[in-house]
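Colleague: Below you will find the structure I want to go over with you.
The values are calculated or read from the model by the stated rules, or taken from the named source; none is laboratory data. Please read these numbers as outputs of a predicted model, since none were measured by experiment. When we count neighbours, we look across all protein chains shown, and the Cβ atoms used for this are built from the backbone with ideal geometry, even at glycine. In case anyone asks, the SASA skips ligands and DNA or RNA and just uses the protein heavy atoms, side chains included. Shrake-Rupley method; radii C 1.70, N 1.55, O 1.52, S 1.80 Å.
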Amino acid sequence: MSTVPKIAAIFGVAWLLMAGSTTAAEPRESAAAVAFFEKKVRPVLVSHCYNCHSADTKPAGDLRVDDRNGLLNGGKSGPAIVPGQPAKSLLLQRVTHKDAKKKMPQEGKELTEEEVADLTTWIKDGAAWPTLREPATAAKTPKKYERLRKEHWAWQPLADPKAPAVKDAAWPRDDMDRFLLAALEKTALRPVADADKGTLIRRVTFDLTGLPPTLADIDAFLKDESPKAFETVVDRLLDSPRFGERWGRHWLDVARYGESTGPSRNIPYPHAYRYRDYVIDAVNADVPYDRFLQEQLAGDLLPAKSDAERDRLLTATGFLALGVKDVNQRFKVRFVMDNVDEQIDAVSRAVLVLTVSCARCHDHKFDPIPTSDYYALAGIFTSTENRAGVRNKMGGGGLDYYDPAALVRLSVENPKLPAEQLAMLKDQVAQAKADWQKVRGTPEGTATGTNGQPKQRVLKQKYDRLQGDLDSITDPVARLVPVHGVRDAAKVGDTEVRLRGEAEALGAVVPRGFLSTLDVPDAPRVDAKSSGRRELAQWLTNPKNPLTARVMANRVWHHLFGQGLVSTVDNFGVMGDKPANPELLDHIAQRFIREGWSVKKLVRAIVLTRAYQLGADAPETHLRLDPANRLVWRHAGRRLDAEEMRDATLAAAGRLDLQRPEGSAAQAFRMVEIRDNGPETAGLRDHVDKSTQRSVYLPLLRGITPRTLEAFDPVDQTLVTGARDATTVPGQALFLLNSTFIRKQAQALADLLLKDKDATDAARVRLAYRLSFGRAPSEKEVDRAVGFLDEYAAAYDKQVADAPKLPAEENPVTGADARVAAWTSLAQALFGAAEFRYLR
């Protein structure tokens, strides 16, 4: 007895038990129509089609027949069925085709006349399919949601508190100081003394630019006795292009910026650097934060006054395109919904610091975010075409994952290739095509080579790559500069709830909209003719949205004080922390909005507070009452982050290149899967090791962390990150001891110190301390360092005399004498000191 009817019966029972709800794509079916499908049609599909066209296979032609939407959307040839119109249904055409090469199924028995008749009747009658019923609990909003909306602090309207009166009226310099001092006076704590000028300029220069102050900047500040001396320093730093590089890096952390797709099959994003440069330029230009968000969410939908402005806005949408993508996902619909989920997660975490993606499969367990809210947002992004230049294809090879046609094109053309080089490229394309066609389908072509791939595939990859290069030069559209971005889809509209988060399990249609968690008066309605991204951006940046300004105010405070007023910088939900000073947080948020959403003005105001300029002393009494410094009675020190460590080391050695590079080294990668241990990866790491450019410009492909950054907690490029980890682990000490990068910079610093032949060792030590720590050493430190140099040089000379002569390339310090070796060791010790790694 055949098992097909049994399988069909099992499927039928499972689906019928869940039948009952309706969607736009799946009208309510009569019991008789569903019964006919289960009895007559599903067994045919299971028996004849599932082997090649179901979820358990790599669907041939991208067609699935185990899912109604799979049949409606069809595969590469178009929709498989048109309900009510059998004559226009490809499924029927293929099972009755007279050409044996085109007739389906290709394997096994062909359909009987009765089976074809049943399929015809089914399609003619509307292609009934049992619809899924949403679980009973999904349609009900949990009772606690209403209470949480009313009670949780983060979702309440922004207050506009007045600065409180304080007993010590002479201490505050700003209303922010008054809020802090009022809270301290309630606990009888006093702020510690102010920081000295040397500490202050090092602190603010790193905080605003990510770099140490130059010796000239230190000297000028120390000599300036005017009341506005520090204000002058702050304004200079805010006007520096280094500010955009530092604070742009903060946003790139939030934007989960990376130059490749990430897991499964890691495919490069060759043009991602243009989004990086957009961010840095926007921060330097102090583009208002509300406009900054609108550009990244809906730049393609905003008006532009010129081609250059249009290009800038299109580039901004890279925020939505450059996330992690599983290009190895076999099913298009799952690939699309996973990308939609990634976009919802990025937007909600970056702007609102809420975990909205938790509601993909079920109502949020902690925050009042029902599944319907998730799919209200999902409809906006299913109506948006992701033009990241990649596509899904399970097991694809060569250029299969890369799709240059799916990129956004700017108005600027790439430079033309000289005629001689163009002719040479055309010859190479013709030869590559001939080589591929020569072995195509032959035993030689199908044989697997040493690289594990058939020869014909390798040759096809070469031909595709060269043809792509030629197209990018000769095709008028392909010659336009590409970026990764988004645009409205050809078909926009609301989408269905995916039951349990499964892409094919459709529930009720949810109108496009925003989170019901937040009450935003005068929220815009989604235009039925567009995706809704522009309206989403307007809703997010509405001054009455209680979260957007609060979140950014907290992020800025976190970067300047080492912890946010809300310590859980990346979670304002129920599972996050409460503000240490809620009135101050709202005061800063309101001030941020009133001053035009200017990040530079906000940073300036905060660093000019008395609180920011406090020293780092930690009295025992204060530590007992407020060990976490939540009340801000001192300025908490912090460790330099990974980029600051690398850049500060290069700066101290006199080797930091401050020029912005053209493009990114990631552009040199072939548009195929990046192998963890491949020559491309090794070459990239070698390139990074030798680079002296600022760390923000290093190529950052996911899964390939630069060795010069990995020891000091670089950002995870797959996640929205507002607060990085700052660990202290043995690997960091080992890096400072053994890293080739550190030793090279130590030798460069030694060469710099020894350049002045007339200087004394004591003078050189003083210079080394100033370059490394931003301060002059004490006489005791000078004496100790000079003594170390003498002892090291003597021991070095003795070791060399006692050991066999070594070739220059094997010498620990190539071509060096004892003095150079001693100074290199001292420089390395300075780089390894806690004072170098930490700010006070």
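Colleague: Over region 291-440, what percent of the accessible surface lies on carbon and sulfur atoms, probe 1.4 Å?
Modeller: Here carbon and sulfur together make up 53 percent of the probe-accessible area.
Colleague: Positive end of the dipole of the chain, charges at C-beta (+1 Lys, Arg; -1 Asp, Glu), about the Cα centre: which of Q428, L709, G663 has its Cα farthest in that direction?
Modeller: Q428
Colleague: What is the distance in Å between the Cα centres of region 220-279 and region 555-603?
Modeller: Value for the Cα centre distance between the two parts: 19 Å.
Colleague: Another question, if that's okay. Could you sort the peptides 494-503, 246-255 by per-residue average Cβ neighbour count (10 Å cutoff), highest mean leading?
Modeller: Going from most to least packed, we get 246-255, 494-503.
Colleague: About its Cα centre, what dipole magnitude does region 263-365 give when the only charges are +1 on Lys and Arg Cβ and -1 on Asp and Glu Cβ, stated in debye to the nearest 20?
Modeller: The calculated dipole for region 263-365 is roughly 440 debye.
Colleague: Any chance you could run the full-extension gain for R291 through D194? It's 0.36 nm times the residue separation minus the Cα-Cα distance, nm to one decimal.
Modeller: Extending this stretch completely gives an extra 31.2 nm.
Colleague: Report, in debye and to the nearest 20, how large the dipole of region 442-554 comes out about its Cα centre when Lys and Arg carry +1 and Asp and Glu carry -1 on their Cβ.
Modeller: Charge dipole, region 442-554, about its Cα centre: 180 debye, nearest 20.
Colleague: What number, rounded to the nearest 500 deg cm²/dmol, is the helix-based mean residue ellipticity at 222 nm of the chain, given -39500 (n - 2.57) per DSSP H run of at least four residues and division by all its residues?
Modeller: For the chain, the value works out to -14000 deg cm²/dmol.
Colleague: Which order, highest average first, do 817-828, 780-791 follow once you tally other Cβ atoms within 10 Å for each residue and take the mean per peptide?
Modeller: Ranked from most to least packed, the peptides come out as 817-828, 780-791.
Colleague: With the Cα gyration tensor of region 642-693 giving a ≥ b ≥ c as the square roots of its eigenvalues, does the rule (a/c under 1.5 for rounded; else a/b larger than b/c for prolate; else oblate) give rounded, prolate or oblate?
Modeller: It is prolate, given that a/c is not under 1.5 and a/b is the larger ratio.
Colleague: How charged is the neighbourhood of S531? Take every other residue with its Cβ under 12 Å from the Cβ of S531, and add Lys/Arg as +1 and Asp/Glu as -1.
Modeller: For residues surrounding S531, the net value is 0.
Colleague: Tally Lys and Arg at +1 and Asp and Glu at -1 over the other residues with C-beta under 10 Å from the C-beta of D689: what net charge comes out?
Modeller: +3
Colleague: I'd like to check one number: the per residue accessible area of the chain, probe 1.4 Å, reported in Å² as a whole number.
Modeller: 45 Å²
Colleague: Between beta-carbons, use under 12 Å as the cut-off and find the net charge around V477, counting Lys and Arg +1, Asp and Glu -1.
Modeller: With Lys, Arg at +1 and Asp, Glu at -1, the net is -1.
Colleague: Please report, in debye to the nearest 20, how large the charge dipole of the chain is about its Cα centre when each Lys and Arg carries +1 at its beta carbon and each Asp and Glu carries -1 there.
Modeller: That gives a dipole near 1420 debye.
Colleague: If you don't mind, there's one more thing I want to ask. To make sure I understand the rule: partners must be lysines, Cα under 20 Å from the Cα of K39, and not fewer than 8 residues away in the same chain. Which ones qualify?
Modeller: By straight Cα distance, K39 reaches K6, K109, K124.
Colleague: If packing is taken as the average count of other Cβ atoms within 10 Å, what order do 257-264, 209-216, 297-304, 645-652 fall into, highest mean first?
Modeller: For the peptides 257-264, 209-216, 297-304, 645-652, the packing ranking is 645-652, 257-264, 297-304, 209-216.
Colleague: Additional query: Of Q693, I606, L410, which is farthest along the charge dipole of the chain in the positive direction, counting Lys and Arg as +1 and Asp and Glu as -1 at C-beta?
Modeller: Positive-most Cα among the choices belongs to L410.
Colleague: Dipole of the chain (Lys/Arg Cβ +1, Asp/Glu Cβ -1, origin at the Cα centre): which of V347, L111, G678 lies farthest to the positive side?
Modeller: Farthest along the dipole direction, towards plus: L111.
Colleague: For K40, K798, give the ranking by accessible area with the largest first, probe 1.4 Å.
Modeller: Descending accessible area places them as K798, K40.
Colleague: Under the definition of Cα pairs under 8 Å and six or more residues apart, what whole-number percent is the relative contact order of the chain?
Modeller: Computed over the chain, the figure is 15 percent.
Colleague: Any chance you could check the Cα centroid distance between region 473-533 and region 635-663 for me, in angstrom?
Modeller: A separation of 39 Å, based on Cα centres.
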